[in-house]
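Heads up, the thing below is written out as structure tokens.
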Amino acid sequence: MILYATIKTPYIFTFDSNMKGEFIIFDVKASGPSSRILLEVKSDQAVVEKVCNTFSRVGKQTFLCSMTSDSKIARVVASYSILRGIMFADSVVWIFILEGYGELKNVLRDLLEVTKGVRVLKVRKVNSTEPLTVKQEQIVKIALDSGFYDFPRKITEKELAKRLNVSQSSLSEILRRAEKIL
């Protein structure tokens, strides 16, 4: 049984009052003592430059970027599969993909070992009738915003794959499956 678990944790880095925008985490990978975080930022470039190590513009005020964090919460999250994380000034709401209630118990135990203030907001079984996965939806959205589906194309598949930090063959497969569903 596969579960979607929505869990709220404290923030993973400190926001200052000038950092307005929308911050959506796509992936977290452990990298030595810190974690590498891939996220989409909908804000102006000045905010992106404060938050991100590297970034690419994928829309008018939308950026795909990576950052590093020493957060213990990010280290725990890197051990599990996530659909996304939505960052707020004081918290992050994570949507985990878990293999049953046993893995949910492990996630909660691991998070509670490094922080207080962990709250389970929602747990539900995956319904196989959903049209697109969140990853497919996010990649198709970024492809649309980048001009991949424009005529003539504003970005090649190879350039888009590089922006998304995935192989061209993986990107091609994700887009083909999403297009077939759509």
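The values are calculated or read from the model by the stated rules, or taken from the named source; none is laboratory data. Since we're looking at a predicted model, the values are computed, not measured. Neighbour counts run over all protein chains shown; Cβ positions are idealised from the backbone, glycine included. Ligands, DNA and RNA are excluded from the accessible area calculation, which covers all protein heavy atoms including side chains. Shrake-Rupley method; radii C 1.70, N 1.55, O 1.52, S 1.80 Å.
Round to a whole number: what % of the accessible area of the stretch 79-132 belongs to carbon and sulfur, probe 1.4 Å?
Details: 1700 of 3350 Å².
Of all accessible area on the stretch 79-132, carbon and sulfur atoms account for 51 percent.
Sort the chain into rounded, prolate or oblate with this rule: let a ≥ b ≥ c be the square roots of the eigenvalues of the Cα gyration tensor; rounded if a/c is under 1.5, and if a/c is not under 1.5, prolate when a/b is larger than b/c, oblate otherwise.
Note, shape of the chain comes out oblate.
Starting from the 7 Å offset along Cα-to-Cβ, what nm value, one decimal, do you get for the label separation of Phe13 and Thr156?
Roughly 3.2 nm, to one decimal.
If each residue of separation counts as 0.36 nm, what is the full-extension length gain between Thr6 and Gln168 once their alpha-carbon separation is subtracted? Please list the in-between numbers first.
Values: separation 162, 0.36 × 162 = 58.32 nm, distance 3.06 nm.
In short, 55.3 nm is gained.
At 222 nm, what value in deg cm²/dmol follows for the chain if DSSP H runs of at least 4 each add -39500 (n - 2.57) and the sum is divided by all its residues, to the nearest 500? Walk me through the numbers on the way to the answer.
Values: 6 runs with 62 residues, N = 182.
Theoretical 222 nm ellipticity from helices: -10000 deg cm²/dmol.
Do any of Lys105/Lys162; Lys20/Lys60; Lys60/Lys154; Lys20/Lys162; Lys42/Lys141; Lys105/Lys125 go past 25 Å between their Cα atoms, and which?
Lys105/Lys162; Lys20/Lys162
I need the calculated FRET efficiency for the pair Gln61 and Lys122, taking r as the beta carbon distance and R₀ as 25 Å, to the nearest 0.05.
0.25
Select from the stretch 100-182 those trypsin sites (Lys or Arg not before Pro) which occupy a DSSP coil region and have at most 15 other Cβ atoms within 10 Å, ordered by residue number. Could you put the intermediate results ahead of the total?
Details: sites: Lys105, Arg109, Lys116, Arg119, Lys122, Arg124, Lys125, Lys135, Lys141, Arg153, Lys154, Lys158, Lys162, Arg163, Arg176, Arg177, Lys180; in loops: Lys116, Arg153, Lys154.
Counting only loop positions with at most 15 other Cβ atoms within 10 Å, the trypsin sites (Lys or Arg not before Pro) in the stretch 100-182 are Lys116, Arg153, Lys154.
How much length, in nm to one decimal, is gained on full extension between Leu112 and Leu144, taken as 0.36 nm per residue of separation minus their Cα-Cα distance?
Separation in residues times 0.36 nm, less the Cα-Cα distance, equals 7.6 nm.
Considering the alpha-carbon set of the stretch 1-91 alone, what are its Rg and its Dmax in angstrom?
In order Rg, Dmax, the Cα atoms of the stretch 1-91 give 13.0, 43 Å.
Over the chain, give the accessible area per residue in Å² for a 1.4 Å probe, as an integer. Write out the running numbers ahead of the final one.
Numbers: 10410 Å² over 182 residues.
Solvent-accessible surface per residue comes out at 57 Å².
What helices does the chain have that are whole DSSP H segments, at least 15 Å long along their own axis by Cα, and with mean Kyte-Doolittle hydropathy of -1.0 or more?
Flagged H segments are 101-114, 134-146, 168-181.
With a cut-off of 8 Å between alpha carbons and a minimum separation of six or more residues, what is the relative contact order of the stretch 56-117 in percent? Before the final figure, lay out each step's value.
On the way: 40 pairs, mean separation 15.9, N = 62.
The value is 26 percent.
Quick check for me: using +1 on Lys/Arg Cβ and -1 on Asp/Glu Cβ, what's the dipole size of the stretch 1-152 about its Cα centre, in debye to the nearest 20? It would help to have the intermediate numbers written out before the result.
Working: 20 positive and 16 negative charges, 79 e Å.
My answer is approximately 380 debye.
Counting other Cβ atoms within 10 Å, keep those with at most 14, restrict to DSSP loop, and tell me which trypsin sites (Lys or Arg not before Pro) in the stretch 1-83 are left.
Lys20, Lys60
Determine the sum of side-chain charges near Ile82: Lys and Arg each +1, Asp and Glu each -1, restricted to other residues whose C-beta is under 13 angstrom from that of Ile82.
For residues surrounding Ile82, the net value is +1.
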